[in-house]
Amino acid sequence: MKRKAGMVAFTGMLGALALALSFLEGLLPPLPMLPPGAKLGLSNVAAMYAAGSVGLPCGLFLAILKGGFAFLGRGVAAGLMSLSGGMASTVVMWLVLKRPQASLLATGVCGAMTHNAAQLCVAWALTSRAVVFYVPALVAFGALAGVLTGLVLRISLPPLQKLGRRMGL
Amino acid sequence: MEGRRFARPQDALLVLGLLALAGICFAMLRAAPLGARAVIEQDGRVVLARELAQLAGPEEVTVTGAQGVRLTIALYPDGAQVIAAGCPDQVCVRTGKLGRAGESAVCLPARVALRLEGGGGAGEADAVTG
């Protein structure tokens, strides 16, 4: 029972972390060398940790929470984009992390590519095939953002593990 | 998750492979012919198509998309550009001027896409002279 309560509390904290990270990322000025619309996807750090350490339901909860906030704050299109990218990438990162030898970098890259692919499909459905023009930029920056996600998680893993243990996980 | 490695040597192949793939796609887009026709789509339906060669000078078009988002699109003899958008993220404006066939600027909140097509589509005339 104590473990379950700790898991719920920890999931909530990871959710807050994901929202805070994506809010902070929104405060950054648009970087001139990034293609329009490209984001670093820092909240994927929280999603990756959730999927790998707590479990798939925790990771999916994060994606739904983030999608809900995007829906309320930025409209239907943004909500659908966030939800599709978050859910798809969480499932893929969970699958990749099932392999014990998978590295954090490879998991981050797979997650970022899935995120972008799912969002591209939603954008295609919402508008038209004109979105195909963004594919090269999405592939290039998805790979780089995935490397960054893995790196940030590598650095922040020890304190996250400590926090998780305190909550009885 | 503890004790998991940050990277393995074969991860370099994954990242470099993806970057190479993106590079090839970029090169293919760069090699595309100049855009001949500007097409504006809303909800996936074409609402305006204009032959750029027929423009005497810059022309502005205003489109009101989903959720009342207004886009101002400028058409030039050598390209097209979204110059103003009534949405917060401004992705389509920051895309800049489109010049080659296949390039596009997409406004997701308004569900409007501006794209350029090459000359001589299937079954269409290359140019129509008055």
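The values are calculated or read from the model by the stated rules, or taken from the named source; none is laboratory data. This one's a predicted model, so the numbers in the text were calculated from it and none came from an experiment. Counting neighbours? That spans all protein chains shown, and the Cβs are built from the backbone with ideal geometry, glycine included.
Assorted remarks:
- Of the residues making up the range A:99-130, those that are assigned to a loop (DSSP other than H, G, I, E, B) and either within 17 Å of A:Leu153 (Cα to Cα) or at pLDDT 95 or above (or both) are A:Pro100, A:Gln101, A:Ala102, A:Ser103.
- Residue check for B:Arg45: under 17 Å from B:Arg115 (Cβ atoms) and without any contact (Cβ under 8 Å) to a residue 60 or more places away in the chain: yes
- Subset of the range B:1-39 [more than 30 Å from B:Gly119 (Cα to Cα) and within 30 Å of the chain's Cα centre (by Cα)]: B:Leu14, B:Val15, B:Leu16, B:Gly17, B:Leu18, B:Leu19
- Residue within the range A:31-41 that is of a type in the set (A, V, I, L, M) and within 15 Å of A:Gly150 (Cα to Cα) present: yes
- Test for B:Ala66: is it of a type in the set (Gly, Ala, Ser) and more than 11 Å from chain A (Cβ to nearest Cβ): no
- Whenever a residue of the range A:122-135 is closer than 12 Å to B:Ala105 by Cα, its partners that are charged (D, E, K, R), lying with C-beta atoms within less than 6 angstrom and at least six residues away or across chains, give the pairs A:Thr127/B:Arg111; A:Ser128/B:Glu41; A:Ala130/B:Arg115; A:Phe133/B:Glu103.
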